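Worksheet: one structure, shown below.
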Amino acid sequence: MGVASRFGFDDAIREGRELGKSLGEEAEIRDMVVTAIYRRAEAIVGKVASQTRKTSPDWDKRIDDVLTSRLVGYPLMLALLGFVLWLTIIGANYPSNILAALFSVIEDQLTGLFSLWGAPAWLHGLVVLGTYRGLAWVVSVMLPPMAIFFPLFTLLEDLGYLPRIAFNLDNLFKRSGAHGKQALTMAMGFGCNAAGVMAARIIESPREQMIAILTNNFIPCNGRFPLLIAMSTMFLGVGILGYGNVLASLAVAGMILFGIAMTFLVSYLLSKTMLKGISASFTLELPPYRKPQVVQVLVRSVFDRTLFVLWRAVKVAAPAGALVWVLANWHIGDMSIIGHMAGYLDPFARLIGMDGFILLAFILGLPANEIVIPILLMSYLGTGALLELDSLSTMKALLVSRGWTWLTTLNVMVFSLLHFPCGTTLLTIHHETGGWKWTVVAALLTTITAVAVCFLITQGARIWQLVP
């Protein structure tokens, strides 16, 4: 006699199947079977186990009833996300300014050494004005928000809240033709899209696994959060009645929600076109809540996330800074190479609300999203030398002088959110899918989506005369 027959689980399975067929919902049969099995297991426990004393309240269940309810779960999830982003923006301003001032002092010392050694101007420009300033900007702007955001995010993960978010989003993913486990891979994408792509292995269906891989890039990763936070802080940080930081936090939260919405939309379109099929159900058993190990969380988030991402950005920023300096200082005729490249891209870039330099910065920033803004600033200056940033207001003044408006800022944030994956993620997709076909599809799918959305935003704003 089998185990299922011995304990009566075969009857539960038949009961679940008959119930599903009677309701005409073949796709939900698996959920009903699981529910029936759990009910039969509870019945068996009730017959063979007894309670001699009153137990303490099940606080995990009571908390879950609130966090996973349709009425409270979603607003609470959004409020918590906004609070984390608000703390990140508030806390990152002062450390960023201090680091920028420190790197400025170091730069003066390096300039003095180059002058003392009699180094040629081109060497000083390549090493100090190009490479060093690029590195200084990456560290001073990226390190503070990452050092705040990642520990907070890791605390939520260690507490056991992230699986509750996956539970809340499960039904939406199934309605989008995707797998419920994609909610978990999406959560991984907040740390790194490459990690999110690798996490898609937990999805058994090859079709739904591919949907998760192709759409994971719509979730902002570590490398794109600094750009989103910097843009929102610069242009919304001085808000009405002192609510600038709240507005900036809401703007970043809005971008995240927009990325999640695009994940649902593109997943649905893929499931109806090139990746047709019926979404499979899955059962997610929520883990118990745990008291966060604060010290371990801080160490893990700092070394495994903050410093890891920062080191990756630094390794890429150094050669990128040198390359941009060369492109900006090597002239063909009366214009630099970077000026010629931006000029070719400018007509197309204007259609999507940006300019040629912005689009070129995204292209040159393919190795890592963290270096897009340093490349852009060095390109704008036309000498390959990054502006000495004593604050984000200095950067804002430079951008405004180059013709930036609210529409430019919005399109830069949207394009950063939706555009092609970074080099690391593309290589991960190639490894996971076993070839270049789906890697190219992922790059084209995200880039076309980013261009289309920015085009609609720009043309809509112009039609309604919302910009000069």
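Laboratory data are not the source of any read-out in this text; all were calculated from the coordinates shown. Not measured: the values here are computed from a predicted model. Neighbour counts are summed over all protein chains in view; Cβ atoms, including those assigned to glycine, are modelled from backbone coordinates with ideal geometry.
Return the FRET efficiency for the residue pair residue 293, residue 348: r is the Cβ-Cβ distance, R0 is 56 Å, and the value is rounded to the nearest 0.05.
The calculated FRET efficiency here is 0.65.
Where the centroid of each part is defined by its Cα atoms, how far is the range 82-132 from the range 430-463 in Å?
What the calculation gives is 34 Å, centre to centre.
Sorted by average packing, counted as other Cβ atoms within 10 angstrom per residue and highest first, what order do 155-161, 129-135, 82-88, 36-42 take?
My ranking of the peptides, most packed first, is 129-135, 82-88, 155-161, 36-42.
Evaluated at 4 °C with a viscosity of 1.567 mPa s, what Stokes-Einstein diffusion coefficient in µm²/s does the range 73-463 have when Rh comes from the Kirkwood expression over alpha-carbon pairs?
Roughly 59 µm²/s, to the nearest whole number.
Could you tell me the calculated FRET efficiency between residue 34 and residue 467, based on Cβ-Cβ distance and R0 = 51 angstrom, to the nearest 0.05?
With a Förster radius of 51 Å, E is 0.45.
Once both labels are modelled 7 Å past Cα along the beta-carbon direction, what's the residue 400-residue 175 spacing in nm?
Each label point lies 7 Å from its Cα, and together they span 4.2 nm.
Starting from the Cα of residue 436, step 7 Å along the direction of its Cβ; do the same at residue 98; then give the gap between the two resulting points in nm.
4.9
Just from the alpha-carbon atoms, what are the Rg and Dmax of the range 145-275 in angstroms?
Final numbers for Rg and Dmax: 15.8, 52 Å.
In Å and from the alpha-carbon atoms only, list the Rg and Dmax of the range 187-226.
Rg then Dmax for the range 187-226, in Å: 10.1, 34.
Between residue 311 and residue 63, what FRET efficiency comes out of the Förster formula 1/(1 + (r/R0)^6) with R0 = 41 Å and r the beta carbon distance, rounded to 0.05?
After rounding to 0.05, the efficiency reads 0.65.
Which entries in the list 315/437; 174/272; 174/437; 181/291; 181/276; 61/174 go over 21 Å, if you measure between the two C-alpha atoms of each?
The answer is 315/437; 174/437; 181/291; 61/174.
Spin-label point model (7 Å from Cα, Cβ direction): what's the residue 109 to residue 363 distance in nm?
So the two model labels end up 4.0 nm from each other.
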